[in-house]
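Asks: I have a structure I would like to understand better, so I am pasting it below and will then ask my questions one at a time.
The values are calculated or read from the model by the stated rules, or taken from the named source; none is laboratory data. This structure is a prediction, so every number in the text was calculated from the model and none was measured. Please note: Cβ atoms are built from the backbone with ideal geometry, for glycine as well, and neighbour counts cover all protein chains shown. The accessibility values were calculated without ligands, DNA or RNA, using every heavy atom of the protein model including side chains. Shrake-Rupley method; radii C 1.70, N 1.55, O 1.52, S 1.80 Å.
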Amino acid sequence: MNQAEVDTARKLEAMLKVTKSICGYPEFEILLKNLDKSLHDLIEYDIINLFTYNEATGDGLIYYPGFIFEEISEHPNAVFNFADGPSFWVWNNQKPLINCIEDYESAYPKVLVYRRREGIQTSCVVPLTTTQKRVGTLEFLSRKRDAFGDQKELAFIQFVANQVAIVVDNAIIYQKMKTSEENLTIERHHLQTLLDVTNAAFSQYDTKSLIREISLQVHSVFGAEFCGLCLYDAATGVLYWEAVHQVNRKYGLNVRHTPLQTGPVLDQCIADRRHYKVDAAMMDMMCRQSDLAALLSKEGIRSFCTLPLSFHLESLGLLIVGHQTRDVIEDDSLQLLTEIARQVSMAISNIQAYRKIMQLQKKLNSEKLYLEEEIKLQYNFGEIIGQSKTMHSLYQQIEAVAETDATVLILGETGTGKELIARAIHDCSFRKKRTLVKVNCSAIPANLFESDLFGHEKGAFTGAIQQKIGRFEMAHLGTLFLDEVGDIPLDSQPKLLRALQEQEFERLGGTRPLHVDVRIIAATNNNLLNMVAEGNFRSDLYYRLNVFPIKVPPLRERKNDIPMLVYYFIEKYARKLRRDIKSIPDEIMESLMQMPWPGNVRELEHVIERAVVISKGPMLQMPQDVLTNYFPVANQEMPLRTMFVTNVAPSSAQKGATLHDTERRHILNILNECNGVIGGANGAAARLGLKRTTLHAKMKRLGIIRNQTQFCASS
C-alpha cells in the first residue's frame with residue numbers, strides 16, 4: 001500500500017470524526033466551536049468565519065466560533081455589508097476563492113483594516129451549498145503567506161464544506177424555528193427527529209445496525225412499519241438490497257446483496273434524484289414493473305415512498321419507507337423524510353469510508369506482519385552492529401524505553417554511535433512515522449542557538465527578514481535529538497528547560513505560546529555532573545534530561561564485536577572504492593582486537609577505509625604506522641606474527657586465509673578457550689553473541705568437529 005492510500009485513509013478517518021463532532025448540535029455556538037476544534041486537525045488555518053446571507057433583503061450574519069455573531073446588513077450602521085467581502089463573489093459564482101492580503105487593497109478595502117488588524121495574509125472562501133439550496137460561505141483565514149494553494153488541499157476543503165453545509169442548514173432551520181412562534185412546536189419536533197436520526201445514524205458502523213436505528217425512529221414519528229436500504233454497486237452499477245428492518249417482525253428479511261429491478265418510473269425518479277410515492281391504488285401496477293414493489297407487496301406493505309440517497313453529487317442508492325396499515329404516505333411528512341434521507345446519505349458515506357479504512361488498515365497490518373517476519377531477528381536496530389553481552393544489554397534498554405515517551409540521555413565516548421542509538425529508539429517508538437529532527441548543539445553559534453531551536457518572527461532582530469520555524473516546532477509529534485547537549489549555551493538553558501517541562505515555547509520576538517508534542521533524546525560525551533559542579537550546566541536541566549540514561553560502551557569493552565565490525569566496513573568500502581578484498585590476515589585481525597581504540601567505532605571505520613584504499617590485491621593490507629602507534633617495538637622489522645599468539649597454531653596456508661577461514665579460526669579459538677563448552681552463560685555461544693543452535697549450524701557449515709577434548713577443522 002503506497003503513502004497516498006495511507007494519507008487518503010487518514011483523511012477519511014479524520015473526516016468521519018469531524019462529522020461526528022458537529023452533527024447533533026443545532027446551536028451555532030456549539031456547532032462552530034466543535035467545527036473549529038475538529039478542522040484544525042485537517043486544515044491549516046488561524047481563523048474561521050461562517051457567513052449566511054438573505055438574498056432577498058441583503059442582510060447577512062457572520063458567525064465566529066467564540067460565541068459571537070454580528071449583523072452585516074445594508075444598514076448604514078453596519079460594520080461592513082456582505083457585498084464588501086469575498087464571500088459575495090463566492091455566493092454568486094459558487095466557486096472557491098483564494099485571496100492574498102494585497103488583493104484586499106483593491107477589491108475589498110472596507111474589509112482590509114480588519115484583516116490587517118488580525119495579521120491575516122491569505123484567505124480561502126468556499127460555498128456552503130446543499131443539494132437544494134445555497135446556505136452561505138465558509139471563510140478560512142491564515143497568517144501564513146500562500147496558504148491553501150495546493151489543489152488537493154482546496155478540493156478537500158470543499159469536500160469538508162459540503163458536509164458542513166448540511167449541518168449548517170439544519171442549524172439555520174433551528175435558528176429560524178426559535179424566532180417563529182407560529183411554527184415553534186412543529187419545527188422543534190422536526191429538528192428533534194433529525195437530531196435523533198443523526199445521533200442514531202452516526203453511532204453505527206455497519207448498514208444493518210444503521211437501518212434498524214433509522215427504522216425505529218421513522219416508526220416512532222410516522223408510524224411506518226418498514227424501512228429498507230438499497231445501495232449501488234459501484235463496480236457493476238447494479239442496485240441491490242443492503243438491509244431491511246420491520247418493527248413487527250422478530251427476524252428480518254434475508255435479502256442482502258439481492259439485485260433488483262426498480263422499473264422505468266422509479267428509474268426516472270432515481271435519475272432525477274427526487275422522491276416517489278406509491279399508494280395502495282398504484283401497488284398492483286408497480287408490482288408488474290418493479291422487483292422492489294413486488295417484494296414490498298409480498299411483505300404486506302400497502303404504501304411506500306422511495307427517497308434518493310446521494311452525497312457529494314454521487315448517487316448512493318435508495319431509502320424506502322413503507323406502511324402496512326395505511327394506504328398513502330402523507331405529503332406533510334415528505335420534507336422531514338427527505339431531510340432524514342440526507343442524514344442517512346452522510347451516514348452511508350461515512351460507513352463506506354470506514355469500511356475502506358478498515359480494509360486499508362487490514363492490508364497495512366498484513367504487510368507489516370509479513371515484513372516483520374521477513375526481517376525478524378533477535379534484535380534489529382538498523383546499522384547498530386554487535387552481538388556481545390554488553391550490546392545485548394544495550395539492546396534491551398533500547399527496547400524498554402522506545403515504547404515509552406520518556407526522555408533519554410545517551411552517554412558515551414566520541415565515536416561510539418550515540419546518534420545510531422537515538423535513531424534506533426525513534427524507529428522502535430510509536431513516533432517512527434514522524435520526523436527525527438537532529439540538533440548538533442556544538443555546531444550552532446551561541447547567539448543563534450535560541451533562534452535555531454525555537455524559531456523567530458519576522459523583524460525579531462537585525463537580519464530576520466522572514467519568519468523561521470524552529471527545530472522544536474519541526475519535531476512536533478516526532479522526536480528531537482539534542483546531540484552534544486553539554487555544549488548548550490548557559491543563557492539558553494532556562495528556555496530549553498521550560499520547553500521540556502511545559503512542551504510550550506515562544507518564537508524569538510513572538511508573543512503567542514506554541515504547544516508541541518515532542519519526545520526528547522539527548523546525547524553527550526561530557527561528564528554533565530562535573531559541568532554542573534563547575535557551574536557550566538544547570539542542575540535542573542540535567543535532572544530533566546537524565547530520566548533514562550543509556551551508557552554506550554566503548555569499543556575496547558566489546559572487543560568480541562570487532563571482527564563483525566571489520567567485516568562490515570570492509571564490505572562497505574570495498575564496494576565503494578571498487579576493491580575486491582577476499583581475505584584478512586590473522587595477525588591483522590588479532591592486532592585490531594588488541595588495540596585500545598580511543599576513537600571507538602569511528603576510528604575503526606576510518607582505519608579500515610584507509611586499509612582498503614592501500615590494498616591492491618585480494619588480501620587486506622594494514623598500514624604499518626597504524627599498528628606501531630599502539631604497539632611500538634624496538635625492532636620495527638620484526639614480523640608482526642611474533643608479537644601475538646593464539647590458542648591454535650597457525651598453518652602456512654592461513655596467511656592468505658579467506659573471510660570464511662578467518663571466521664572458522666575465530667570460532668575454533670573461542671571453543672578451545674571455553675574448553676569445548678558451547679551452551680551456558682560462560683559457553684562459546686554466549687561469548688560469540690550467538691544462540692546455541694546458531695553456533696551448531698555454523699560449526700557444521702564450517703566443518704568444525706570435536707577431536708577428543710578440543711575442536712578442530714575437519715579435512
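Asks: So in the stretch 544-590, with the set limited to residues that are without any contact (Cβ under 8 Å) to a residue 24 or more places away in the chain and not in a loop (DSSP other than H, G, I, E, B), which one is most open to solvent (accessible area, probe 1.4 Å)?
Replies: Arg575
Asks: Just checking, which of Val645, Val633 is closer than 21 Å to Arg664 by Cβ, surrounded by fewer than 19 Cβ atoms within 10 Å (Cβ to Cβ), modelled with pLDDT under 90 and among the β-branched types (Val, Ile, Thr)? Let's see the steps before the verdict.
Replies: On the way: Val633 fails: closer than 21 Å to Arg664 by Cβ.
When all the criteria are applied, what remains is Val645.
Asks: Within the stretch 664-696, track down each residue that is aliphatic (A, V, I, L, M) and at pLDDT 80 or above.
Replies: Selection gives Ile667, Leu668, Ile670, Leu671, Ile678, Ala684, Ala685, Ala686, Leu688, Leu690, Leu695.
Asks: Kindly provide the set of residues from the stretch 528-543 that are assigned to a loop (DSSP other than H, G, I, E, B) and modelled with pLDDT under 90, ordered by number.
Replies: Residues of the stretch 528-543 assigned to a loop (DSSP other than H, G, I, E, B): 535-538.
Residues satisfying the conditions are Gly535, Asn536.
Asks: Conditions first: (1) of a type in the set (Lys, Arg); (2) open to solvent by less than 60 Å² (accessible area, probe 1.4 Å); (3) over 28 Å from Thr404 (Cβ atoms). Arg512 passes all but one, so which condition is the exception?
Replies: (2)
Asks: Still on this structure: I'd like to verify a number: residues in the stretch 54-88 that are of a type outside the set (Asp, Glu), modelled with pLDDT of 50 or more and open to solvent by less than 40 Å² (accessible area, probe 1.4 Å), how many?
Replies: Looking only at that region, the number is 12.
Asks: A further question follows. Taking Ile98 as meeting all but one of (1) in a helix (DSSP H, G or I); (2) open to solvent by 10 Å² or more (accessible area, probe 1.4 Å); (3) at pLDDT 90 or above, write down the number of the exception.
Replies: (1)
Asks: Still on this structure, please answer the following. Examine the stretch 298-313 for a residue that is under 30 Å from Asn2 (Cα atoms) and open to solvent by 70 Å² or more (accessible area, probe 1.4 Å), and state whether such a residue exists.
Replies: Filtering the stretch 298-313 down to residues under 30 Å from Asn2 (Cα atoms) leaves 310-313.
Cutting the leftovers down to open to solvent by 70 Å² or more (accessible area, probe 1.4 Å) gives us 312-313.
There is at least one residue in the stretch 298-313 that is under 30 Å from Asn2 (Cα atoms) and open to solvent by 70 Å² or more (accessible area, probe 1.4 Å).
Asks: Here is a follow-up. Taking into account only those residues within the stretch 459-489 that are free of Cβ contacts under 8 Å to residues at least 24 places away in the same chain and outside any strand (DSSP E or B), which is least open to solvent (accessible area, probe 1.4 Å)?
Replies: By that ranking, first place goes to Gly463.
Asks: Quick one: is Leu420 in contact (Cβ under 8 Å) with a residue 60 or more places away in the chain, aliphatic (A, V, I, L, M) and either assigned to a strand (DSSP E or B) or buried (at least 16 other Cβ atoms within 10 Å of the Cβ) (or both)?
Replies: Answer is no for this residue.
Asks: Still on this model: Which of the residues that make up the stretch 329-367 are assigned to a helix (DSSP H, G or I) and among the acidic types (Asp, Glu)?
Replies: Listed by number, the residues that qualify are Asp331, Asp332, Glu339, Glu367.
Asks: Now for a different question. If you take the residues of the stretch 381-400 that are out of contact with any Asp or Glu (no Cβ under 9 Å at 6 or more places or on another chain) and modelled with pLDDT under 85, which of them is least open to solvent (accessible area, probe 1.4 Å)?
Replies: Quick first cut of the stretch 381-400, residues out of contact with any Asp or Glu (no Cβ under 9 Å at 6 or more places or on another chain) only: 383-384, 389, 392-400.
From the residues that got through so far, the ones that are modelled with pLDDT under 85 too are 383-384.
Values: Glu383: 119, Ile384: 26 Å².
Step by step, filter the stretch 381-400, then rank; the result is Ile384.
Asks: Need the failing condition index for Glu242 against (1) of a type in the set (Asp, Glu); (2) at pLDDT below 75; (3) buried (at least 19 other Cβ atoms within 10 Å of the Cβ), just the number.
Replies: (2)
Asks: If I filter the stretch 105-122 down to residues being touching a Gly at 6+ places or on another chain (Cβ under 9 Å) and of a type outside the set (A, V, I, L, M, F, W, C), which single residue comes out as farthest from Leu12 (Cα to Cα)?
Replies: Checking each candidate, the answer is Lys110.
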